[in-house]
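Student: For reference, the structure I am asking about is given below.
Every number in this text was worked out from the coordinates using simple rules, so none of it is lab data. Small disclaimer: the values here were computed from a predicted structure and weren't measured. Every residue, glycine among them, receives a Cβ derived from its backbone with ideal geometry; neighbour counts consider all protein chains shown.
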Amino acid sequence: GNSVTQMEGPVTLSEEAFLTINCTYTATGYPSLFWYVQYPGEGLQLLLKATKADDKGSNKGFEATYRKETTSFHLEKGSVQVSDSAVYFCALRPAFGNEKLTFGTGTRLTIIP
Amino acid sequence: DSGVTQTPKHLITATGQRVTLRCSPRSGDLSVYWYQQSLDQGLQFLIQYYNGEERAKGNILERFSAQQFPDLHSELNLSSLELGDSALYFCASSGYVWGNTIYFGEGSWLTVV
């Protein structure tokens, strides 16, 4: 079946540090890949997505590249801010069949000033 | 604003009781998904409906049931509530297009006391 493995948290970084949150997946075919973010006390928001190999999703300074050869979709940001403190979820959705999202376990990120 | 509306936002109820959570999907979206987020279990897929019909079932307890109405809104019914049912319940919706994003509501916080 489909699965997503995410970097274990929590992760604590200083402001302006470089961020990487690792995400690898197992799926047949070419799923769509997503990063969702959950800010404290809020719901899930789509951060970025990629629908085919080598696509790069980007939003709010975050980037992730769909790597078919390594089955990965790592989230990166060059300079994090305190406002980026949140829980980040990697997820996949099969390419066909109107299927549900399969989520990773989430990575809690805390940025300290 | 994702366009997915959930009510109520917060709910406190006693063990053994029954509650109904309501979801209005984004305009035009035929698929509705329910997820449960608890502290120790992450995001668990419960059930999916497509245009009024059950499409997929995940880790949904027998005490829980859901339905999608002709106007496409959905309800999740939770009965014989236990302390362990305390969680954040998300509704999400999507259209039927390859690579389509699934959008989440802000969730309903259920506390069972």
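Student: Above 18 Å lies some portion of the pair distances; for chain A, what is it as a whole percent of all C-alpha pairs?
Tutor: Working: 2854 of 6328 pairs.
Within chain A, distances greater than 18 Å cover 45 percent of Cα pairs.
Student: Let me see the P(r) profile for region B:30-88: every Cα-Cα distance counted, bins of 10 Å, each bin given as a percent of all pairs.
Tutor: The percentages, shortest bin first, are 23, 53, 22, 2.
Student: Across the residues of B:51-61, average count of Cβ atoms on other protein chains within 10 Å? Walk me through the numbers before you get to the answer.
Tutor: Numbers: counts 0, 0, 0, 0, 4, 4, 0, 2, 0, 0, 0.
Counting other chains' Cβ atoms within 10 Å and averaging over B:51-61 gives 1.
Student: So for A:Leu19, B:Leu76, B:Leu46, fewest C-beta neighbours within 10 Å to most, what's the order? Working shown, then result.
Tutor: Numbers: A:Leu19 18, B:Leu76 24, B:Leu46 21.
Ascending Cβ contact count within 10 Å gives the list A:Leu19, B:Leu46, B:Leu76.
Student: Here's a follow-up. How large is the direction-averaged shadow of the alpha-carbon convex hull of the protein assembly as shown, in nm²?
Tutor: Values: hull surface 48.2 nm².
Approximately 12.1 nm², given one-decimal rounding.
Student: With a 10 Å cut-off between alpha carbons and a GNM built on chain A, which of A:Glu15, A:Glu99, A:Glu76 moves the most?
Tutor: Comparing A:Glu15, A:Glu99, A:Glu76 in the GNM, the peak value goes to A:Glu99.
Student: Here's another thing I want to ask about it. Can you pull the percent of Cα pairs in chain B with separation above 15 Å? Don't skip to the answer; put the middle values down first.
Tutor: On the way: 3819 of 6328 pairs.
Value for chain B (Cα pairs over 15 Å): 60 percent.
Student: Taking the Cα centre of region B:40-91 as the origin and placing charges on Cβ (Lys, Arg +1; Asp, Glu -1), which of B:Leu46, B:Asn77, B:Ala87 is farthest toward the positive end of the dipole?
Tutor: B:Leu46
Student: Straight distance only, please: which aspartates and glutamates reach the Cα of A:Lys49 with their own Cα at less than 12 Å, same-chain residues fewer than 8 apart left out?
Tutor: A:Glu63
Student: Related question: Run the dipole for the protein assembly as shown about the Cα centre, Lys and Arg Cβ at +1, Asp and Glu Cβ at -1, nothing else charged, and hand back the magnitude in debye, nearest 20. Provide the component values of the computation, followed by the final result.
Tutor: Working: 17 positive and 22 negative charges, 57 e Å.
In debye, rounded to 20, the protein assembly as shown gives about 280.
Student: While we're on this one: Summarise the partner chain shielding of A:38-45 as one whole number: the mean count of Cβ atoms from other chains within 10 Å of each residue's Cβ.
Tutor: Numbers: counts 6, 0, 0, 3, 2, 15, 13, 4.
So the per-residue partner count for this stretch is 5.
Student: Sticking with this structure for a sec: State the antiparallel share, in %, of DSSP beta bridges confined to chain A, rounding to the nearest 5.
Tutor: Percentage antiparallel, nearest 5: 90.
Student: Residue by residue through region B:80-92, which ³J(HN,Hα) values in whole Hz follow from phi under the Karplus form 6.51 cos²θ - 1.76 cosθ + 1.60 (θ = phi - 60°), with glycine and proline marked x?
Tutor: Values per residue, Gly and Pro as x: 6, 4, 10, 4, x, 7, 4, 5, 9, 10, 9, 10, 9 Hz.
Student: Separate question: Over the whole of B:100-107, what's the average partner chain Cβ count within 10 Å per residue? Rounded to a whole number, please. Mind dumping the intermediate values first?
Tutor: Details: counts 5, 8, 11, 4, 7, 2, 5, 5.
That works out to 6 on average.
Student: With equal scatterers on the alpha carbons only and no solvent term, can you work out the Debye log10 of I(q)/I(0) for region A:32-83 at 0.24, 0.31 1/Å?
Tutor: Taking Cα atoms of region A:32-83 as identical point scatterers yields -0.91, -1.21.
Student: Have a look at A:Ala91, A:Gly41, A:Ala53 and report the one farthest towards the positive end of the charge dipole of region A:36-92, computed about the Cα centre with Cβ charges (Lys/Arg +1, Asp/Glu -1).
Tutor: Sorting the options by dipole projection puts first A:Ala53.
Student: Counting only DSSP beta bridges with both residues in chain B, tell me the antiparallel percent, nearest 5.
Tutor: Details: 37 of 41 bridges.
The antiparallel fraction comes to roughly 90 percent.
Student: Order of A:Phe62, A:Phe34 from fewest to most other C-beta atoms within 10 Å? Write out the running numbers ahead of the final one.
Tutor: Working: A:Phe62 20, A:Phe34 25.
Fewest-to-most Cβ neighbours within 10 Å comes out as A:Phe62, A:Phe34.
Student: Let me ask you something else. Identify, among A:Val82, A:Ser14, B:Leu110, the residue whose Cα sits farthest towards the positive end of the charge dipole of the protein assembly as shown, taking +1 on the Cβ of Lys and Arg and -1 on the Cβ of Asp and Glu, with the dipole about the Cα centre.
Tutor: B:Leu110
Student: Compare A:Ser72, A:Ser32, A:Ser14 in a GNM of chain A, Cα atoms joined below 10 Å, and give the one with the largest fluctuation.
Tutor: It is A:Ser14.
Student: Under 13 Å Cα-Cα from A:Lys68, which aspartates and glutamates qualify once same-chain neighbours fewer than 8 residues away are excluded?
Tutor: A:Asp54, A:Asp55
Student: Still on this structure, please answer the following. Please report the antiparallel percentage of DSSP beta bridges with both residues in the protein assembly as shown, rounded to the nearest 5. Each step should come with its number before you reach the end.
Tutor: On the way: 71 of 79 bridges.
About 90 percent, rounded to the nearest 5.
Student: Let me ask something else about it. Can you give the Kirkwood hydrodynamic radius for region A:1-51, in Å, rounded to one decimal and based on Cα pairs? Mind showing how you got there, number by number?
Tutor: Values: mean 1/r = 0.0756 Å⁻¹.
After inverting the pairwise mean of 1/r, the radius is 13.2 Å.
Student: Among B:Cys91, B:Cys23, which comes first, then next, by fewest other beta-carbon atoms within 10 Å?
Tutor: Values: B:Cys91 30, B:Cys23 26.
The fewest-first ordering by Cβ neighbours comes to B:Cys23, B:Cys91.
Student: A further question follows. In debye, nearest 20: dipole of chain A around its Cα centre with unit charges on the Cβ of K, R (+) and D, E (-)? Don't skip to the end; give the middle numbers.
Tutor: Details: 10 positive and 11 negative charges, 70 e Å.
So the magnitude is around 340 debye.
Student: Can you give the Rg to Rh ratio of region A:61-106, both from alpha-carbon atoms, with Rh computed by the Kirkwood formula? Kindly include the intermediate steps, with their values, before the conclusion.
Tutor: Working: Rg = 13.1 Å, Rh = 12.6 Å.
Result for region A:61-106 is an Rg/Rh of 1.03.
Student: Something else: Tell me, what is the FRET efficiency for B:Ile12 and A:Arg67 to the nearest 0.05, using R0 = 35 angstrom and their Cβ-Cβ distance as r? Could you put the intermediate results ahead of the total?
Tutor: Numbers: r = 45 Å, r/R0 = 1.28.
So the FRET efficiency works out to roughly 0.20.
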